[in-house]
Amino acid sequence: MSHVTAQAPVAAPLTVRTIPVGAIMPWLAFSALLFLVALFFVGAEEGATSLLKGTVVHEWVHDGRHLLGFPCH
């Protein structure tokens with residue numbers, strides 16, 4: 001009778017892949033622009049700084065204003 005032993009497969013070492021800064025910068029700039037536009041509509045789209053007429057935007061972001069601490073009344 002022969003003895004057969006099974007060996008666990010050896011995992012390959014993990015390699016760290018780096019992402020070049022040049023590839024990240026456009027996405028970072030786009031994300032920052034979206035954040036600033038959202039912050040404007042939640043925090044300042046009302047009254048003298050309003051870009052859109054009426055109170056539609058105010059009503060859509062009303063609860064978000066209170067959640068983030070912006071006064072609106």
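Since every read-out is calculated from the coordinates, none of them should be taken as a lab result. Computed from a predicted structure; not experimentally measured. Please note: Cβ atoms are built from the backbone with ideal geometry, for glycine as well, and neighbour counts cover all protein chains shown.
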Task: Cβ-based net charge around residue 45, under 15 Å, with every Lys or Arg adding one and every Asp or Glu removing one - done: -1
Task: Net +/- balance of residues flanking residue 60 in space, Cβ distance below 13 Å, scoring K and R +1, D and E -1 - done: -3
Open item on the list: Cβ neighbours within 10 Å, averaged per peptide: list 11-20, 55-64 in order, most packed at the top.
Closed with: 55-64, 11-20
Open item on the list: Can you tell me, using C-alpha contacts under 8 Å and at least 6 residues apart, the relative contact order of the chain as a whole percent?
Closed with: 19 percent
TODO: Treating each Cα of the chain as an identical point scatterer and ignoring solvent, apply the Debye formula and state log10 I(q)/I(0) at q = 0.14 Å⁻¹.
DONE: -0.66
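In deg cm²/dmol and to the nearest 500, what is the mean residue ellipticity at 222 nm of the chain if only DSSP H runs of at least 4 residues count, each as -39500 (n - 2.57), divided by the residue total?
Taken over the chain, the calculation gives -15000 deg cm²/dmol.
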